[in-house]
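Below is one structure, written out as C-alpha cells; comments come after it.
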Amino acid sequence: MAKLSPEQINVLSVRAYYDNKTFTNTTEMTNLLKYESQHFRCKVQLEISECIADRCWSIGLVQACDRMYLENRYGHSGSSFWEFHPLKSGRHKMVNDSDGRQYPFYSLTSSKFEIRRGVVSDSLVALTYEDHFYPTVAWELPYYGGAKLTDVIRKQDFWVWLVAIKRASSRSASCDVFNAKHDEVYILKTMRWRYGLHMTFDPHQPVGKRLQRIYDVQEEQPIILESNRPLPLSALSPPHCNAAQSLIWYPNNPTDKPKLLVPPKQIIVPWETWTNDMAPGRALSVKKPDQCKLVGEWAHDTEIGIDVSPAAIKSGPSSRGWKAQGPVDTTTTVSTSRSARTPSRPRG
C-alpha cells in the first residue's frame with residue numbers, strides 16, 4: 001500500500017464565487033448604521049486514494065488579506081479607518097484570516113480535514129466556507145464636534161490556498177499546532193478575490209432615508225490561478241485579521257491629534273513602535289490596553305510551500321524553485337488561541 005503523499009490527493013473540483021442570492025443590505029438605527037456585504041463562497045471536492053499515513057496530515061483552506069482599505073468618512077472633518085498594522089507598516093506581506101483557533105486554516109469545521117497516522121481508506125472530502133462582513137458604523141462623532149457620516153469605502157484583497165500540511169515526525173498525534181519551521185506545506189490550489197464597496201449618505205436626512213447610493217458591483221469575479229503561488233509565513237501565523245485590526249480617527253486638520261477608537265488584540269511589535277507606525281509624526285499617545293498581546297514579528301516574511309499542481313509537476317523542479325527552501329530562521333511554534341469567532345465576522 002502506498003504511503004500518503006500529495007499524489008494521493010486528487011482535487012476533483014474547486015469553486016470560488018460571489019453568492020448572487022446575497023447583496024449589500026443596510027439597517028439604519030438611531031445612532032448606528034449596520035450593513036451586511038455580499039457573500040463570498042469557496043467549495044472544494046477532494047478524492048484521497050487508499051494509503052498509509054506515517055505522519056499526521058491536515059488538508060484545508062487558508063485565507064489571508066494583503067490589502068485593507070476601510071474608510072468611514074465624516075465629510076470634511078476626517079475619517080476613521082480600520083487598519084491592519086502588519087500591512088500598513090510593511091512589516092508583513094499578509095494577515096492570516098482565520099478564527100485564530102487552529103492556524104492557519106479558516107475555521108475548525110468545514111474548511112479543514114484531518115488525517116491521523118495509520119491506514120487511510122478511499123475518501124471523498126468536501127471543504128467549504130463563506131465570508132462576508134457585517135460591521136456597525138456611528139452616524140456621528142461626539143468627540144469631534146458631532147461630525148456626521150457621509151461615506152463608507154471598503155477595498156480588500158484576499159488570497160485563498162488549498163493546502164496539505166504534513167506534520168513534523170517529532171510531533172505527537174495532535175494536529176492542533178502549526179510548526180512553521182518543520183511542517184511541510186504543499187500547495188494544491190491558489191485563488192484570489194477582491195471586494196469593493198462604496199456607500200454614500202446624506203446625514204441631514206432622517207434615519208431610514210440617509211442612504212443615497214451603493215456601489216457594490218465587483219470589478220472581477222474570484223480567480224482560480226493556473227499557477228500556484230507560495231504562502232508568506234504571515235499568511236500562516238498570528239495575528240489573524242480580527243485580532244490585528246484597529247480603528248483610528250484621523251482628523252483632516254493636521255493640528256488635531258488622531259484618536260484610537262478600537263485597539264488591536266494582537267500586535268507584532270512593542271506598543272510604542274505600533275503607535276509610531278500607525279500615526280507617524282501625529283502623536284498617537286495612548287496607553288497599551290491590558291488585553292493587547294505581543295505575538296511577534298517575522299523579521300523575514302519568507303514565502304514557503306511546495307507547488308504540487310499538475311502544471312508544476314509536468315514542468316519539473318525548475319518551475320517551483322521556491323519549494324526547497326531551508327528551515328525558517330525562527331523557533332516559533334504557532335499554537336491555537338482561544339479568541340471567539342462567529343461564522344461571519346463583523347470586521348470593521
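At a glance:
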quantity: Fewest-first sequence of H198, H76, H85 by Cβ atoms within 10 Å of each Cβ; calculated: H76, H198, H85
quantity: The chain: radius of gyration and largest Cα-Cα distance (Dmax), Å; calculated: 21.8, 73
quantity: For the stretch 71-140 and the stretch 224-297, distance of Cα centres in Å; calculated: 15
quantity: Linear extension gain, K3 paired with N25, 0.36 nm per residue minus alpha-carbon span; calculated: 2.9 nm
quantity: Peptide ranges 120-131, 101-112 listed from the most packed, as the mean C-beta count within 10 angstrom indicates; calculated: 101-112, 120-131
quantity: Within the chain, helix-based [θ] at 222 nm, where runs of 4 or more DSSP H residues each add -39,500 (n - 2.57), nearest 500; calculated: -1500 deg cm²/dmol
quantity: Peptides ranked, highest mean first, by Cβ atoms within 10 Å: ranges 272-279, 25-32, 255-262; calculated: 272-279, 255-262, 25-32
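Values in this text are rule-based calculations from the coordinates and carry no lab data. None of these values were measured; they are calculated from a predicted model. Positions of Cβ are generated from backbone atoms using ideal geometry, with glycine treated the same way; all protein chains shown enter the neighbour counts.
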